[in-house]
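Undergrad: Can you read through this structure? Questions will come right after.
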Amino acid sequence: MLDTKQVRGGNGLAAIDAEVDEILQSVEEITRDATKSFFDKYSENPNKAVLASWLETRCWREIDYVFLLNEQIRRYGMRFQRNHITLLAKQSFQEAEHYEALGKAVESLGGIVPTSVPVAAVPWSNFLWECMDRHHLAAIAAWYVSETSASGSFEPTFVGAERHGHTDVVKIYKQIEIDEKFHTGLGRQVLSTYAETDEDREEILRAMRGMRDIAWKSFTPEVVAATMRAA
Ligand SMILES: [Fe+2]
Ligand SMILES: [Fe+2]
């Protein structure tokens, strides 16, 4: 698991550190299992359209992060130090790069790059935007869990995509993996710097628990099968 515990920031999460770490660990494990299960199923019948559909949901997450990060800055940026605005904007730029790179992979598999939220990503997206409306740290808390969840998908994705010769997918996710270390570290840093009250910490935990129960679901073979576009 990525060690984002030792980051600079305040001690705003100190009172809830144990629960935060438990949520992060459990979501990473469950996503790893769901991703492994997806590629095991894919190996039984390697249909490019299935992999494209799985990647389309991943691809949407990237562009939705761009929208969320920019909205986070627009709505709440003046509560933050200027260096945190810069770092959130840097994250937004990298998420746009991920959307572009994954978009190419989707097209190379015969898929269509999503320009609106795919069915499999609707609960995930709705939850993040609801968090954005509730509290200035809630969306960051939710995407911190979502990004930690995604980091559990990397290893089984490398193994599964490599096995079927999808070297472009492996290459893209190697770069994404590097960027994610920065993103999860930044999430922890912002939360621990700006969480001040018990109410802030309750909102952070509410967002993290909610995302823990959603984040891994679009990685399962069942959800991909149920939400594929008709060929
Ligand atoms: Fe990303
Ligand atoms: Fe990210």
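Throughout, read-outs are computed from the coordinates displayed, never taken from laboratory work. Keep in mind it's a predicted model, so treat the numbers as computed, not measured. Positions of Cβ are backbone-derived with ideal geometry, glycine not excepted, and every protein chain shown enters the neighbour counts.
Undergrad: Counting just the residues of the stretch 182-213 that are closer than 25 Å to Glu97 by Cβ, touching a Ser or Thr at 6+ places or on another chain (Cβ under 8 Å) and not polar (S, T, N, Q), which one comes out nearest to ligand 1 (Cβ to nearest atom)?
TA: Gly187
Undergrad: Consider the stretch 177-225. How many of its residues are closer than 20 Å to Phe80 by Cα, part of a loop (DSSP other than H, G, I, E, B) and in contact with a helix residue (DSSP H, G or I) (Cβ under 7 Å, 6 or more places away or on another chain)?
TA: The total comes to 1.
Undergrad: Counting only residues that are part of a helix (DSSP H, G or I) and surrounded by fewer than 23 Cβ atoms within 10 Å (Cβ to Cβ), which one in the stretch 132-142 is nearest to ligand 2 (Cβ to nearest atom)?
TA: Top of the filtered list is Met132.
Undergrad: Just to be sure I understand, how many residues within the stretch 46-63 are away from ligand 2 (no atom under 16 Å from the Cβ) and closer than 17 Å to Ser149 by Cβ?
TA: Counting residues in the stretch 46-63 that are away from ligand 2 (no atom under 16 Å from the Cβ) and closer than 17 Å to Ser149 by Cβ gives 1.
Undergrad: Please specify each residue of the stretch 158-181 satisfying the condition of being of a type in the set (D, E, K, R) and away from ligand 1 (no atom under 14 Å from the Cβ).
TA: Answer for the stretch 158-181, where residues must be of a type in the set (D, E, K, R) and away from ligand 1 (no atom under 14 Å from the Cβ): Glu162, Arg163, Asp168, Lys171.
Undergrad: I've got another one for you. Taking Phe158 as the residue in question, decide whether it is aromatic (Phe, Trp, Tyr), within 12 Å of ligand 2 (Cβ to nearest atom) and within 20 Å of the chain's Cα centre (by Cα).
TA: Criteria not met by Phe158.
Undergrad: Can you tell me which residues in the stretch 162-196 are without any contact (Cβ under 8 Å) to a residue 24 or more places away in the chain and not polar (S, T, N, Q)?
TA: Within the stretch 162-196, Glu162, Gly165, Val170, Lys171, Tyr173, Lys174, Ile178 meet the criteria.
Undergrad: Let me ask you something else. Please tell me if Glu107 is more than 15 Å from ligand 1 (Cβ to nearest atom), surrounded by fewer than 21 Cβ atoms within 10 Å (Cβ to Cβ) and in a helix (DSSP H, G or I).
TA: In short, yes.
Undergrad: Next question. If the requirement is being surrounded by 23 or more Cβ atoms within 10 Å (Cβ to Cβ) and touching a Leu at 6+ places or on another chain (Cβ under 7 Å), which of these qualifies: Ala215, Ala150, Ala207, Ala195?
TA: Just a single option satisfies the conditions, and that option is Ala195.
Undergrad: Can you name the number of the only condition in (1) outside any helix (DSSP H, G or I); (2) in contact with a Cys (Cβ under 6 Å, 6 or more places away or on another chain) that Gly12 fails?
TA: All conditions are met except number (2).
Undergrad: Pick from the stretch 64-90 the residues that are in contact with a His (Cβ under 9 Å, 6 or more places away or on another chain) and buried (at least 21 other Cβ atoms within 10 Å of the Cβ): which of them is nearest to Ser146 (Cα to Cα)?
TA: Restricting to residues being in contact with a His (Cβ under 9 Å, 6 or more places away or on another chain) and buried (at least 21 other Cβ atoms within 10 Å of the Cβ), the top hit is Tyr65.
Undergrad: Could I ask something else about it? Within the stretch 154-183, track down each residue that is surrounded by fewer than 24 Cβ atoms within 10 Å (Cβ to Cβ) and under 30 Å from Gly10 (Cα atoms).
TA: Phe154, Gln175, Ile176, Glu177, Ile178, Asp179, Glu180, Lys181, Phe182
Undergrad: Okay, moving on. When you scan the stretch 8-43, how many residues do you find that are under 16 Å from the mean Cα position of the chain (by Cα) and surrounded by 19 or more Cβ atoms within 10 Å (Cβ to Cβ)?
TA: Residues that pass the stated criteria total 9.
Undergrad: Take the stretch 88-130 and flag every residue that is more than 16 Å from ligand 2 (Cβ to nearest atom), touching a residue at least 12 places away in the same chain (Cβ under 8 Å) and farther than 20 Å from Leu55 by Cα.
TA: Passing the criteria: Phe127, Trp129.
Undergrad: Now for a different question. Would a scan of the stretch 143-154 turn up a residue that is within 16 Å of ligand 1 (Cβ to nearest atom), among the small types (Gly, Ala, Ser), in a loop (DSSP other than H, G, I, E, B) and farther than 30 Å from Arg82 by Cβ?
TA: no
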